[in-house]
Amino acid sequence: MIDFYDPKTLRGVIQKVEPVRTFFKSRFFSETVTFPTETVSFEFYANKRRLAPYSNPRLSSNLLNRDGYEVKTYRTPLVNPSRVITNDTLAQKLLGESPYNSGVTPEERAAKIAANDLNELLDSIARRIEFMCARVKQDGKINITAPGLNDVLDYGFSNIETTQAADKWNASYDILAKLREKASL
């Protein structure tokens with residue numbers, strides 16, 4: 001049972017707020033482009049990296065075929081998290097606020113809650129973008145799922161290779177040989 005007559009001291013408030021880390025976005029997708037339309041089109045050009053053929057100086061040159069490109073159009077989904085501020089939310093004390101007659105008005109409390117919510121929602125969007133960047137680098141595609149939405153945005157990478165975890169941690173796995181093999185392709 002709580003003794004309301006026992007004096008209390010709030011030594012301090014410890015709030016752990018982890019900064020949003022955007023390794024993949026800042027390293028590999030640093031150029032952010034926004035567009036005002038509901039759909040966006042991508043043009044894909046896959047260079048085949050051909051070697052120039054030898055030719056006889058007395059004969060005509062050898063022709064190299066041109067590589068075509070592909071256009072994909074995608075209707076973008078929304079990323080719009082939200083939070084609701086209710087009367088019950090405003091009736092509760094804030095973190096670190098005195099439980100007795102703190103002097104904070106409901107309007108001030110609503111402004112602090114809205115500011116905190118906005119920061120948390122923007123951080124969640126930044127984490128979603130970072131997750132999408134990581135999926136593109138690892139898998140070459142992004143799975144977009146939500147109620148009524150099940151899309152795969154596939155960039156068509158043909159150089160994605162997966163290695164079993166058991167292979168990577170095996171003592172006989174030669175990472176340098178694997179890297180040399182991939183670099184020579």
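The values are calculated or read from the model by the stated rules, or taken from the named source; none is laboratory data. In this text, all values refer to a predicted model and were calculated from it rather than measured experimentally. Heads up, the Cβs are rebuilt from the backbone with ideal geometry, glycines too, and the neighbour counts pull from every protein chain shown. Note: areas computed on protein heavy atoms with side chains; ligands, DNA, RNA excluded. Shrake-Rupley method; radii C 1.70, N 1.55, O 1.52, S 1.80 Å.
Could you point to the residue in THR32, SER55, ASN87 farthest towards the positive end of segment 13-134's charge dipole, with +1 and -1 charges on the Cβ of Lys/Arg and Asp/Glu respectively?
SER55
Counting other Cβ atoms within 10 Å, which GluC sites (Glu not before Pro) in segment 14-68 have at most 12 and lie in a DSSP loop? Present the calculation step by step, with values, prior to reporting the outcome.
Details: sites: GLU31, GLU38, GLU43; in loops: GLU31, GLU38.
Hits after loop and neighbour filter: GLU31, GLU38.
Once amide H atoms are built 1.01 Å from N in the peptide plane, which residues 5 or more positions from ILE144, or in another chain, come under 5 Å H to H?
ASP151, VAL152, LEU153
Per the 1.4 Å probe, what fraction of the accessible area of segment 82-180, in percent, lies on carbon and sulfur atoms? Don't skip to the end; give the middle numbers.
Values: 4030 of 7500 Å².
Of all accessible area on segment 82-180, carbon and sulfur atoms account for 54 percent.
Under a 1.4 angstrom probe, counting protein chains only, how are SER124, SER30, SER158 ranked by accessible area, largest first?
Numbers: SER124 45, SER30 90, SER158 115 Å².
Solvent-accessible surface, decreasing: SER158, SER30, SER124.
Report, in listed order, any pair from LYS25/LYS141; LYS25/LYS112; LYS72/LYS178; LYS25/LYS178; LYS72/LYS141; LYS72/LYS182 with a Cα-Cα distance greater than 23 Å.
Among LYS25/LYS141; LYS25/LYS112; LYS72/LYS178; LYS25/LYS178; LYS72/LYS141; LYS72/LYS182, the Cα-Cα distance tops 23 Å for LYS25/LYS112; LYS72/LYS178; LYS25/LYS178; LYS72/LYS182.
What order do ARG135, ARG58, ARG83 take when sorted by accessible area (1.4 Å probe), most exposed first?
Per-residue accessible area, sorted high to low, gives ARG58, ARG83, ARG135.
Cross-link partners among aspartates and glutamates for LYS48, C-alpha distance below 16 Å, same-chain residues fewer than 8 apart left out?
Of all the aspartates and glutamates, those that pass the test against LYS48 - Cα under 16 Å, at least 8 places apart if same chain - are ASP67, GLU70.
Roughly how many Å² is the accessible area per residue of segment 1-134, as a whole number, for a 1.4 Å probe? Mind showing how you got there, number by number?
Details: 12310 Å² over 134 residues.
I get 92 Å² per residue for segment 1-134.
What list of ³J(HN,Hα) values in whole Hz, one per residue of segment 57-68 in order, does the Karplus curve 6.51 cos²θ - 1.76 cosθ + 1.60 (θ = phi - 60°) give from phi, with Gly and Pro shown as x?
x, 8, 10, 6, 6, 8, 8, 10, 5, 7, 8, x
Pick the calculated Rg/Rh (Cα atoms, Kirkwood Rh) for this structure from [x] 0.98; [y] 1.19; [z] 1.12?
Identified label for the calculated read-out: [y].
Provide ASP88, ASP67, ASP139 ordered by accessible surface of protein heavy atoms (probe 1.4 Å), highest first. Display every interim value, and only then the final one.
Details: ASP88 115, ASP67 30, ASP139 60 Å².
I get ASP88, ASP139, ASP67, largest accessible area first.
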